[in-house]
Amino acid sequence: FHFEFECDEDRLDRRNWCVDFGGYKSLKERLDDWFDHTLLVAEDDPEFETFKMLHEKKLCKMVVVERTGCEGLAKWLADYIQEIWMEENGYGDGRVTLRMVKVMETPSNSAMWVASWV
C-alpha cells in the first residue's frame, strides 16, 4: 500500500508550520505495524474465527478492520488519525484538521476519504 495524507490548519504554530513532519514517524511506525506482512481481515468476514485461530497460533499476523477495500481503509485511517494520532501528537486542540486520506493498493487501484467540510 501507499498512503497520502493532507492536513489543513486555522493558524500556523510558533515555527510557522502546520504539522511537524518529524511527528509523522510515529504514524509511519503504526502503518508499518498494521500493513507490513499482515493479513487484513474484515470484522464480518465469514472465516473470521479461522483467521483468529491462525493469529493466536502465531501462524499469521492479523489486523482487524471494518472493511478491507481501499475505501474502507481510507476511512479507517482517517478515523484513527483524527481520533487518536492527532491527540497523541499535540494536535488535539483543533488547530490542525485532517483534510484527505488516499490509499493506493496499486497505481490503478486507489480510493480517497475527504473531510465533509472540504
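Coordinate-derived values only; no laboratory data. Please read all numbers here as calculations on a predicted model, not as lab measurements. Using ideal geometry, Cβ is built from the backbone for each residue, glycine included, and neighbour counts are taken over all protein chains shown.
Per-structure values
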| item | result |
| --- | --- |
| Residue match in the range 31-39 (condition: touching a strand residue (DSSP E or B) at 6+ places or on another chain (Cβ under 6 Å) and part of a strand (DSSP E or B)) | yes |
| Among (1) exposed (fewer than 14 other Cβ atoms within 10 Å of the Cβ); (2) over 12 Å from the mean Cα position of the chain (by Cα), the one test that ILE84 misses | (2) |
| Conditions (1) within 26 Å of TRP117 (Cβ to Cβ); (2) assigned to a strand (DSSP E or B); number of the one not met by VAL64 | (1) |
| Residue match in the range 94-107 (condition: under 19 Å from CYS18 (Cβ atoms), assigned to a helix (DSSP H, G or I) and among the polar types (S, T, N, Q)) | no |
| Residue, farthest from VAL103 (Cα to Cα), within the range 36-76, restricted to residues that are surrounded by 13 or more Cβ atoms within 10 Å (Cβ to Cβ) and of a type in the set (Ser, Thr, Tyr) | THR38 |
| Condition met for GLY22 (of a type outside the set (A, V, I, L, M, F, W, C), under 23 Å from ARG11 (Cβ atoms), surrounded by fewer than 15 Cβ atoms within 10 Å (Cβ to Cβ) and touching a residue at least 12 places away in the same chain (Cβ under 8 Å)) | no |
| Residues located in the range 28-67, provided they are under 30 Å from MET86 (Cβ atoms), of a type outside the set (A, V, I, L, M) and in contact with an Asp or Glu (Cβ under 8 Å, 6 or more places away or on another chain) | GLU43, GLU66 |
| Tally of residues being assigned to a strand (DSSP E or B) and surrounded by 12 or more Cβ atoms within 10 Å (Cβ to Cβ) across the range 1-19 | 7 |
